[in-house]
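Please read the structure below before turning to the comments.
The values are calculated or read from the model by the stated rules, or taken from the named source; none is laboratory data. These figures come from a predicted structure and were not determined experimentally. Backbone-built Cβ (ideal geometry, glycine too); neighbour counts: all protein chains shown. Surface areas here come from the heavy atoms of the whole protein model, side chains and all, with no ligands, DNA or RNA. Shrake-Rupley method; radii C 1.70, N 1.55, O 1.52, S 1.80 Å.
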Amino acid sequence: MDKMTEMKDIQFELIYREIFPFWDEMPDTDKNDICRHSSAVTYSKGEPVHDGGGCSGVILVCSGSLRLFMMSEEGKDITLYRLHRGDLCMLSASCVLDAITFEVFVDAEEDSECYVISGPAFAAVSERNPQIRIFALETAVSRFSDVMWVMQQILFMSMDKRLAIFLSDESARTGLDTITLTHGQIARYMGSAREVVSRMLKYFSNEGIVEVSRGGVKILDKKRLHKLAR
């Protein structure tokens, strides 16, 4: 093993030791196998990461943000959830989880740096280490609560409440009062139409809850917004 490869493997191992609770229990040969089949990948904003088919591998977000979504035959998509720094994407590795029988798409919603572990390599190691397969299943299942929350909002909640929840959550995530997203992006994340979002934002603006501009949506009255979100 040359020095460059050895340094790269050490870099991966330092990160994986923090991310994977099973890491220290694995044989060194399996640790080395995962590190050798890992790569650092940079995705540009808007670039496809996983096209719904095949096995793109296990993806760890180091910086930036990825969006997971489902797409209809007509080309309409619904955002299931988003992944940020430190998050793992298991649904892009169908060869690891046989139970994944539906197509999930992933794209980069901003410039993102990721570590990608080869799906077949991760699957082979998980066959020898049951705790890895359990971890993969638990990681995937934990995300289905996010998916069910999205479906619950779409099916049962009014549009004003859904928009208030989205704006509140986005502000809490970024720590900013201004949401720097277009009406189209907000609609895509909410699984709605841009025209519907624009009308509701206009209503919020007329009520003095937000201020809408080319730079995004600025929250003016957090108290009223949070009341709508409840």
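Some observations on this one:
- Heavy-atom accessible area ranking, 1.4 Å probe, most first, across H84, H50, H226: H226, H84, H50
- With contributions of -39500 (n - 2.57) from each DSSP H run of at least four residues, the per-residue ellipticity at 222 nm computed over the chain stands at -15000 deg cm²/dmol.
- K227 accessible area, assembled protein chains, probe 1.4 Å, Å²: 140
- Loop-resident sites, the range 40-105, for chymotrypsin sites (Phe, Trp or Tyr not before Pro), counting at most 13 other Cβ within 10 Å (DSSP): F102
- Based on Cα contacts under 8 Å between residues 6+ apart, the chain shows a relative contact order of 18 percent.
- Computed with every protein chain present, the accessible area of S142 is close to 70 Å² [probe 1.4 Å].
- Area of Y115 that stays accessible when all protein chains are in place (1.4 Å probe, Å², to 10): 20
- Protein heavy-atom surface of the chain, 1.4 angstrom probe: 53% of the accessible area is carbon and sulfur, with nucleic acids and ligands not counted.
- Legend note: in the chain, cysteines whose Cβ sits 4.7 Å or more from every other cysteine Cβ are C35, C62, C89, C114.
- A Cβ-based charge dipole, computed about the Cα centre of the chain with Lys and Arg at +1 and Asp and Glu at -1, lands at about 1240 debye.
- Relative contact order, percent, the range 66-196 [alpha-carbon distance under 8 Å, six or more residues apart]: 25
- Our note on the geometry: Cα centres of the range 186-224 and the range 120-172, 25 Å apart.
- Order of exposure, largest accessible area first, which applies to R214, R17, R67, R85 with probe 1.4 Å: R214, R85, R17, R67
- Of A123, F135, S72, farthest towards positive along the dipole that unit charges on Lys, Arg, Asp, Glu beta carbons give the range 25-180: F135
- When each full DSSP H helix of the chain is screened for a Cα extent of at least 30 Å along its own axis and an average Kyte-Doolittle hydropathy of at least 0.0, the helices passing are 130-156.
- Magnitude of the charge dipole, the range 1-117, Cβ model with Lys/Arg +1 and Asp/Glu -1, debye to 20: 180
- Accessible surface, 1.4 Å probe, highest first, among residues V212, V104: V212, V104
- For the range 21-42 versus the range 46-101, the gap between their alpha-carbon centres in whole angstrom: 21
- Accessible surface for the range 169-214, divided over its residues, is 58 Å² per residue with a 1.4 Å probe.
- Solvent exposure of the range 1-111, expressed per residue, is 53 Å² of accessible area, with all protein chains present and a 1.4 angstrom probe.
- Relative frequency of Cα-Cα separations exceeding 26 Å in the chain, percent: 44
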